[in-house]
Structure formats: structure tokens, C-alpha cells
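> The structure's right below; bear with me while I get my questions together.
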Amino acid sequence: MNRSFPRPRRRAALAGALAAAAALVVAGCTSGASSSQSSSGGGGSSVLTIQGDAGDPTLTENFNPFSTTQLGGTRLMYEPLQIPSSIDGTYTPFLATAQKFSDPTTLVYTLRDGVTWSDGTPFSGDDVVFTFDLLKKFPPLDTTGVWTQLASVAGSGNTVTMTFKQPNVPFAATVSQVPIVPKHLWSSIADPTKDTNTKPVGTGPFTLKTFAPTQYVLAKNPKYWQADKIVPAQVMYPAQSSNQSTNQLDVTSGKFDWSYNFLPNVEQTYVARDKQHNTYWFPPGGTIGLYLNLLKPVYQDVNFRMGVSQSLDRDTIAKKAVNGYTDAASLSGLILPNLQKWLDPSLPDQGVVKQDTGKATASFEKAGWTMRGGKLMKGGKQAAMSVVLPANFTDWVAAATEVKTELGKAGIAVTLDLPQFAQYQQQIGAGTFDAAIGGYGGSGSPYTDFNNALNSTFATPVNTATVNNFQRFKDPDVDQALATLAKATDESQQQQATYALEQAMYTKVPIVLMYYGGSWGLFSTKNFTGWPSKDDPYTLPTPYNNAVLLVVTHLKKA
């Protein structure tokens, strides 16, 4: 299984991802949908088939947009206020046409007129206020933690005002993406934390047509406020297999219009199967790095961390890990070229650090380590490192194997610890690891990426679980830069605060960033065009989050 990020995805279709990474897949169909799929195979079909939800081995019906086990098609039925691009943070308006901070703690949304729910009931600001109040009343629904930052939500006419407890301008990206539910229906649900919402009513472009354990089908919503932009008449989600080899065979056989899967030698295994229609786009969607546990004295010396960084050949690591599909990562902490506009121009080589054994030796010597007989020694002991990573993340294993070889040449005795994902996650959360391969970034927001990785509030003691900053980095200057960025509403102020954080990533090496993790988008243009691409990078090609709404509203008939 090939992965790109460190924490598990929010639902079964995403088992083990974004912040833990990527592999999605398929199998099965109902009799009614079989004819549709047959039509798709013949070309010119109006049915969009997406590789999405994991069957275990069959699907469990759940269209609750706040549930961590919701099915992927839920996002095509429930819309948020706005969606920021996971590439560069640019907002696309949905239920809100505009958003603006009147001050660093007051965010005002202007709602779209003329929107109705799929049952014909008019949408209003009452639905928005109700939705946020629902998350406050039932905290398990608040899976993105909006009420950790919000003090109140109030509506007036076609505006909704969010008041924050403290300045946090970048958190608008999280608030904006909360799916809005209808007050006239959800107000009568006794316990929405347990309701699987099998009769979903939303404002989105599709409604539920049929559900079966092997597949479900959505139908175009004729009441959708931008129905004229929606080309597919139906969207089909077959259950995906839990076996990665089966998934890859389904993808290469042409079962899907849109799939998300790491394929070695994609030109031969996928494109060559249908050169006229099969295409792919593997943009950087996150960064894979070596996390050194800063609770360990040896790693607390920035010179040692610098020496480790300078010992690595990132180009070779990327080639071994992901077939060279993605590049060596910038140590600025920015995903490039996605966030190029925020890059500090004073960073040499855009923050990419090349292997330099001479500089590495000098850095280790500053930390009190010397090379003797091919071993990096201090106090009569050789430097040693145990690197933990999930056994089934094949790209990470390939990367770690190369890291072991390269650090071995630098005199460090490296061993690899390969548990299952759950054990790996427990170790990094509790801080009981020595070193770890993990994912960084990928939100499309410099602040979010930096805050998650560097904010000292996440730096818990050993055996106290944390959800971010697994390496336990603490720096008051960095915390101040984060606070400055959080309250900045002017882009020039945001730029300067971002530069300060990039300098910290580059000079303090809180994470040894190595290579970009890919977003493995595979597309067929037989039935639809308008897929995200290098020439039109409007979103990452990830069908398991709000990107699916951006893509479906961009598609055109082939």
C-alpha cells in the first residue's frame, strides 16, 4: 500500500490517510448500475464512476456529513460555505458568496440567494447558525474543532457572523468547510451523533438514488443552484477492495473515470492501456520527513539535526520512494510550486538542501561528534537511530531504507522498526519513538502547516498523546511568529510572518523534510474532461474530501 501522509483519514474510504496517506479502491455493482457501467465502457456515458469507499467487504450506509465513517458521496450532497484549494488556499464560494474579517476576531459571511434544499425548502442563514450550534451541542460532531476557536455564531438576513475567542484568521479555512445541514429536518433528530442519515437532503449537486452494499448511485439534483454546470447525470461509487493489488487491477482495467491510486510505471500500467483517454496528475500533496524526537538529548542539538539533513540525498530518496514522480522537498516548509507566492526569496536554492558530506561532518563536529573508522562517535559510543514507520506504507519503507543507507555512510547505525499503522500512530502520538518517517503539511495554508508542526502547545510530555508536532518542538520566537500570522489580515503582514517561519524551518530543522508525497490522480477523458492538471491546478485530485465538489463542478462532457 502506498501512502503520502501521516494521520488516518476521516472515514473508511480514506482508511489510514491524510496525515497518514493514500490508497483508494473498488469492487461490485448493483444490477441497476451494471447497465450504466456498461454504457460507460462504450464511451459517451453520462455516468461518472469514482473509485472511493472501502467495502469491508461491503459498504455500510452512512451519509451523515459529520460522521468519521461517512461515505464519500456525502460531499456531493452537502455543501460548505466556501472551499479553499488544497494547493494554494484560494477560496471557491459555495453557500457563501463572500467572506471578510472586519477585525482579527470577527468573520462575516455573505450567503448566496436562491438556494434550496433538495426537498424544495429554501436555504437560509438559520440553517447555517443551526448547523454550528448543533456542533456545539453535540461535540462529537465537531470533528474539525471549530468550537475550540469560535465564541459565537449569529445570523442577520443574508449574513452570518463568526466571532473568534482569539485572533485566528487562517482558521477561516476550517470554518468555511463545515457542511451545512437543513434545520427543518435535523432539528428533529434526537441524537445526530448516532444517526446515519439514510435519506439525505442537501443543497449539493446530487441526491441519493440507490444504495446497495456493493455500490451506491447518486442522481443529479435538478434543484441545485448551479445545475447548469453539472454534466454527469449520475455518480457511481462501487465498493473498493481492501486488497491493493485488486484495486490496482480495477484501475488499470478502466473501471473508473476518476481514481486515486499509486501505480508504479504509470505510463505503462495505466496510460498505455488507453493512450487516447487515460491521463494522470501526481502533484505534491504533502511532504514526507524524518521526525527526530526532540525529547531525546542527542536530537536537541540543532547541529546534529543539521548534520542528518546534510547527509541525505533527497533526489535519490524520492526516486526510490515514489519512482521520481515528485521532487526533493524544500526545507522552507512550503510545498512547492503550490505555495510559491509565499516563498522567502532569501532562502538559497528555494530552501532545497543538497547532500554535502563535508558540511555534514562539520555540523556533527559542532555537536561534539567525530568520525572514527567509519563510525560517528561521542563519549566512546556510536550514534544510533531507530526509525519507526508503518510496515505497509511501501513508499515510506523504500525511503527509510535509503535513509538507513545514507546515514550509515555518515557513521550512524540506523535500524528500522516496522509495526502496523495503529502501533506506529500510538508511538508518535505518545512520543515514545526515537525517530519516525511521517507526513507534513498539505493543507494549502502555510499557517496551518506551520502551526500543526511547530506550535509548542502540541509539544506534550512523553506518554501524553498529541495530535500534531510529534517531534515536540518548542521555540518562543516561533510561537510568536505563529501568533503574528494568526492575527494578520493584511497580506504583506502575512508574508513577513510566513518568511520568519520558513527561516525557522530552514535554520532550526525541527523536521528533516525529504521529498514531496504525491496526490495520485488518475483520469479517463472518455466521458468527461476538465480534470485538475498541471495546466489547470484548481485543486488536488483527491476524491475523498471537498475537492470532489470542485472537480464535479468543473467537469465538461467529452
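The values are calculated or read from the model by the stated rules, or taken from the named source; none is laboratory data. All values reported here derive from a predicted model rather than from experimental measurement. Note that each Cβ is placed from the backbone with ideal geometry, even for glycine, and that neighbours are counted across all protein chains shown. Each accessible area value is taken on the protein alone, full model and side chains, heavy atoms only, with ligands, DNA and RNA left out. Shrake-Rupley method; radii C 1.70, N 1.55, O 1.52, S 1.80 Å.
> Give me, ordered by chain and number, the residues 5 or more places off Leu331 or on other chains with an amide H under 5 Å from its own placed amide H.
When sequence neighbours closer than 5 places are left aside, the close amide H contacts are Val352, Val353.
> If you filter the range 251-304 for trypsin sites (Lys or Arg not before Pro), then keep DSSP loop positions with at most 11 other Cβ within 10 Å, what is left?
Working: sites: Lys255, Arg273, Lys275; in loops: Lys255, Lys275.
Listed in order of number, the matching sites are Lys275.
> Run lengths n ≥ 4 of DSSP H only: what is the helix-derived mean residue ellipticity at 222 nm for the chain, with -39500 (n - 2.57) per run over all residues, to the nearest 500?
-7500 deg cm²/dmol, from helical runs alone.
> Also: Take Thr131, Thr193 and sort them by solvent-accessible surface of the protein heavy atoms, 1.4 Å probe, largest at the top.
Descending order: Thr193, Thr131.
> As an exercise, identify the trypsin sites (Lys or Arg not before Pro) in the range 305-363 lying in DSSP coil whose Cβ has no more than 11 other Cβ atoms within 10 Å.
none
> List every residue whose amide H lies under 5 Å from the amide H of Gly517, counting only residues 5 or more places away in sequence or on a different chain, with H placed 1.01 Å from N in the peptide plane.
The list, which skips near neighbours in sequence, is Gly285, Gly286, Thr287, Ile288.
> Mind listing which trypsin sites (Lys or Arg not before Pro) in the range 132-219 are in a DSSP loop and have 13 or fewer other Cβ atoms within 10 Å?
Values: sites: Lys136, Lys137, Lys165, Lys183, Lys194, Lys209; in loops: Lys165, Lys194.
Counting only loop positions with at most 13 other Cβ atoms within 10 Å, the trypsin sites (Lys or Arg not before Pro) in the range 132-219 are Lys165, Lys194.
> If you don't mind, there's one more thing I want to ask. What FRET efficiency would be calculated for the residue pair Thr58, Gln493, taking the C-beta separation as r and a Förster radius of 41 Å, to the nearest 0.05?
Efficiency computed from Cβ-Cβ geometry: 0.20.
> Which part of the range 154-175 falls in the paramagnetic zone of Val108, meaning amide N under 17 Å from the point 7 Å along Cα-to-beta-carbon?
154-164
> Which value, in debye to the nearest 20, describes the size of the charge dipole of the chain about its Cα centre when Lys and Arg Cβ atoms bear +1, Asp and Glu Cβ atoms bear -1, and nothing else is charged?
Dipole about the Cα centre, nearest 20: 720 debye.
> Relative contact order for the chain: what is it in percent, counting Cα pairs under 8 Å that are at least 6 residues apart?
21
> Using each residue's phi in the range 519-526, evaluate 6.51 cos²θ - 1.76 cosθ + 1.60 at θ = phi - 60° and report the 3J(HN,Hα) Karplus result to the nearest Hz, with x for Gly and Pro.
So the J values, rounded to whole Hz, are 9, 8, x, 10, 9, 10, 9, 5.
> Could you please report the charge total around Thr401, scoring K, R as +1 and D, E as -1 over all other residues with beta-carbon less than 15 angstrom from its beta-carbon?
Charge balance near Thr401 sits at 0.
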